[in-house]
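Undergrad: First, the structure itself, so that you have it in front of you.
The values are calculated or read from the model by the stated rules, or taken from the named source; none is laboratory data. Since the structure is predicted, the reported quantities are computational estimates derived from the model, not experimental observations. Ideal geometry is used to build each Cβ from the backbone, glycine not excepted, and the neighbour counts take in all protein chains shown. The area values use the complete protein model at the heavy-atom level, side chains included, leaving out ligands, DNA and RNA. Shrake-Rupley method; radii C 1.70, N 1.55, O 1.52, S 1.80 Å.
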Amino acid sequence: MKKRVVLSVAAALLMGSTIVGAADAEESIEYRQNVFSVMKWHFGPMGGMVKGKIDFDAEDFSRRAALIAALAKMPKEGFAEGTDMGETRAKSEIWENKEKFDGGMDAMVEKADALAEVAKSGDLDQIKPAFGALAKTCKGCHDNFREESK
């Protein structure tokens, strides 16, 4: 099962970089939005487990954390120049302060990798702060670089 997940994610990463390299702005926006949607799909149940709203399942949490870690590496390339127009909630501040934005994206990858690693332990007391650190990083980018609604 793990090999299948790893192979699927690797194929998606390779396809994503090929597709985005040849894509126009609209396709880049759709690409990053789709990656974030898949991340949200996994992040929600993980948050429910951490908050005690859903029974904690260490194996499922670890699986989701590994997927989040792989996915976190993907959306940054979808924020190319010219992708600030169209159907997007991305603020112009992304391109006005690209260094800060890129730092936030890199921090997301770092925190996602850390969560995936600690999730392997199955120890909820260790998982909670790692999950909180990732959630705080995500919120920081949302607060600074994403419109609430359009």
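Undergrad: Please state which of the following conditions G44 fails to meet, knowing it meets all the rest: (1) open to solvent by 30 Å² or more (accessible area, probe 1.4 Å); (2) at pLDDT 60 or above; (3) within 21 Å of G103 (Cα to Cα).
TA: It is condition (3) that G44 fails.
Undergrad: Are there any pairs with C-beta distances below 8 angstrom linking a residue in region 103-118 that is under 10 Å from A72 (Cα atoms) to a residue that is open to solvent by 20 Å² or more (accessible area, probe 1.4 Å) and not in a helix (DSSP H, G or I), with the two at least 6 apart or on different chains, and if so which?
TA: Taking only residues 6 or more apart or on different chains, the pairs are V109/K73.
Undergrad: Out of all the residues in region 125-150, which are open to solvent by 40 Å² or more (accessible area, probe 1.4 Å) and within 13 Å of A65 (Cα to Cα)?
TA: Matches in region 125-150: K128 only.
Undergrad: Then there's this: Taking the stated definitions as given, is E87 over 18 Å from the mean Cα position of the chain (by Cα) and under 15 Å from F36 (Cβ atoms)?
TA: yes
Undergrad: Could you please let me know if K53 is surrounded by fewer than 20 Cβ atoms within 10 Å (Cβ to Cβ), of a type in the set (K, R) and over 14 Å from C138 (Cα atoms)?
TA: Yes.
Undergrad: Related question: Would you please name the residue that is nearest to A116 (Cα to Cα), looking only at residues in region 87-102 that are in a helix (DSSP H, G or I) and touching a residue at least 24 places away in the same chain (Cβ under 8 Å)? Break it down stepwise before answering.
TA: First, pick out the residues of region 87-102 that are in a helix (DSSP H, G or I): 93-96, 98-102.
Now restrict to residues that are touching a residue at least 24 places away in the same chain (Cβ under 8 Å): 93-94, 100-102.
Working: E93: 30, I94: 27, K100: 24, F101: 23, D102: 21 Å.
Here the answer is D102.
Undergrad: Same structure again: Exactly one condition in (1) touching a residue at least 24 places away in the same chain (Cβ under 8 Å); (2) in a helix (DSSP H, G or I) is not met by D125; state its number.
TA: Here D125 meets the rest and fails (1).
Undergrad: Are any residues in region 63-100 hydrophobic (A, V, I, L, M, F, W, C) and farther than 21 Å from G47 by Cβ, and if so, which ones?
TA: F79, A80, M85, A90, I94, W95, listed by residue number.
Undergrad: Shifting gears a bit: Identify all residues within region 56-86 that are part of a helix (DSSP H, G or I), open to solvent by less than 60 Å² (accessible area, probe 1.4 Å) and under 15 Å from S28 (Cα atoms); write none if there are none. First the steps, then the outcome.
TA: To start, the set of residues in region 56-86 that are part of a helix (DSSP H, G or I) comprises 58-72, 75-78.
Next cut, open to solvent by less than 60 Å² (accessible area, probe 1.4 Å) only: 58, 60-62, 64-72, 75, 78.
P75, G78, listed by residue number.
Undergrad: While we're looking at this one, here's another question. With D102, D57, D84 as the choices, which residue is acidic (D, E) and modelled with pLDDT under 90?
TA: The match here is D84.
Undergrad: Given the criterion open to solvent by 60 Å² or more (accessible area, probe 1.4 Å), modelled with pLDDT under 90 and of a type outside the set (S, T, N, Q), identify the matching residue among V6, V38.
TA: When all the criteria are applied, what remains is V6.
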